[in-house]
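For reference, the structure is listed below as structure tokens.
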Amino acid sequence: MSSTSSSIWLLSCRKLKFFTRIRRFLESKAARKRCVSSSSDHSNKLRIKSNTNEEEDRVIIEETESELDGSMALQKSVKRLHFGSWEEKEMAAKAIQKLAKEDVKTRKLMAELGVIHMLVSMVATEVAGRRLAAIKALIELADDTFTNKALVLEAGILSNLPKDIDVVDDQTRHEFAHLLLSLSSISNTHFALSKTEALQFLIGILESASGIETKETCLGVVCNLSAVLENAGPLVSNGTVSTLLKLSSFKELSEKSLAALGHLVVTLMGKKAMEDSSMVPERLIEILTWEDKHKCQELSAYILMILAHQSSTQRNKMSKAGIVPALLEVSLLGSPLAQKRAMKLLQWFKDERQAKMGPHSGPQTGRVATGSPLHPREAQEGKKMMKNLVKQSLHKNMELITRRANAAGDSSNLKSLVLSTSSKSLPY
């Protein structure tokens, strides 16, 4: 009641201001007529002054009329949304969507008038046009205001998400994804968006035949959620890791998929899910060969580093899957960050080979073997053998690397670079 009374009082004040401007406008016209009989110089001065005042009043009157029209439109739309028929509610939702684009102040005023709860209830309807109008209005209301986003979540938007993705058209899926992306940007999303309903809805869209743009928006939501540590458990338990690994093979979706996997791999549950996946490490090694996607190479190398760290089992799997040639290629042609990560992985494989050739056989991770050091001659022979292995691997992949490097420079220069590099030990 207090907000309604204040709104009526504000409207009355604006009306009073409007009529005051009208009166001034009419008085200025009458004053101009009275001054016609004066001298010509004096008349010209008054006319100029009167014209200036008239123009100012006209502008003010137009602005006041616009404000009054906006206030009347807002009042009418809110009334229809609360008390109108379903058709009137749909029209009101479309009007609110347009009015909400004006500024944050207007959006907050609408929230105070209780439109968010009504729009959220409309989302549950099975009428496609009515539901779409409500979703679009909520997107505008949630824009750039934390309070409104929290109100949308509190109103129960997640409970009103469609249970069956197949009955929802692609445009509605996209608008739903857009709304969830907006809501996922607030800091305490682990209290709401990580609920099973929201995650199943997102995964359903990602695994459906929806368009690339819609899936990319959903991946943005998953990426935001995965950045919050508390969300890792619900994400992994709902099968998100498998879905992200599948989508990572599509170049349009790979970067965001890998970014989310990068957030999850640092958690125990996320790392375990990737280690147990049949797509790892082959899928990640394949991405290392995408010379036109440097960011994807960097993210893939990062995930492989986390998986390989202090895990001889994962390093053996990677070695059998052919990771060394891919890492050698990245170390030569990748971005600076990708090169650094590839070199680090190569160093680990090199250290493991040397450890296996030593008197203390078996993989050792990140530590020097205790006990008697290697004989200098044996150590020298081990280094020589490792250099020969690297040289053989480089020669084996020379033709592939040269062909891919032709677009960036002269292949003969690259070949000489590789040959010179093969005669040196790895930099780590």
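Some points to look at:
- One quarter of the surface of the convex hull around the alpha-carbon atoms of the range 92-195 equals 6.0 nm², the direction-averaged projected area.
- Exposure of residue 185 as accessible area (Å², to 10), given a probe of 1.4 Å and all protein chains: 70
- 5 angstrom amide H check on residue 186, placed H, neighbours 5+ away: none
- In order through the range 88-104: 3J(HN,Hα) via Karplus (6.51 cos²θ - 1.76 cosθ + 1.60), integer Hz, x for Gly, Pro: 5, 5, 5, 5, 5, 5, 5, 5, 5, 4, 5, 5, 5, 6, 5, 6, 5
- When the square roots of the Cα gyration tensor eigenvalues are ordered a ≥ b ≥ c, the ratio a/c for the range 257-338 is 1.5 or more and a/b does not exceed b/c, which makes its shape oblate.
- GluC sites (Glu not before Pro) restricted to the range 119-171 and DSSP loop, no more than 10 other C-beta within 10 Å: 126
- Shape of the range 174-296, Cα gyration tensor, a/c cut at 1.5: oblate
- Percent of alpha-carbon pairs separated by more than 20 Å within the range 197-262: 14
- Among the trypsin sites (Lys or Arg not before Pro) in the range 139-233, those placed in a DSSP loop whose Cβ has at most 12 other Cβ atoms within 10 Å are 163.
- The rule of thumb for compact globular proteins, 2.2 N^0.38 Å, goes into the C-alpha radius of gyration of the range 292-340 1.12 times.
- Local charge for residue 105 was computed over the other residues whose Cβ lies under 12 Å away, with Lys and Arg +1 and Asp and Glu -1, and equals -2.
- Residue pairs, from the table 101/293; 195/295; 295/317, whose Cα atoms sit over 26 Å apart: 101/293; 195/295
The values are calculated or read from the model by the stated rules, or taken from the named source; none is laboratory data. Computed from a predicted model, the values in this text were never measured in an experiment. We place every Cβ from the backbone using ideal geometry, glycine too, and count neighbours over all the protein chains shown. Protein only, heavy atoms only, side chains kept; ligands, DNA and RNA dropped before computing areas. Shrake-Rupley method; radii C 1.70, N 1.55, O 1.52, S 1.80 Å.
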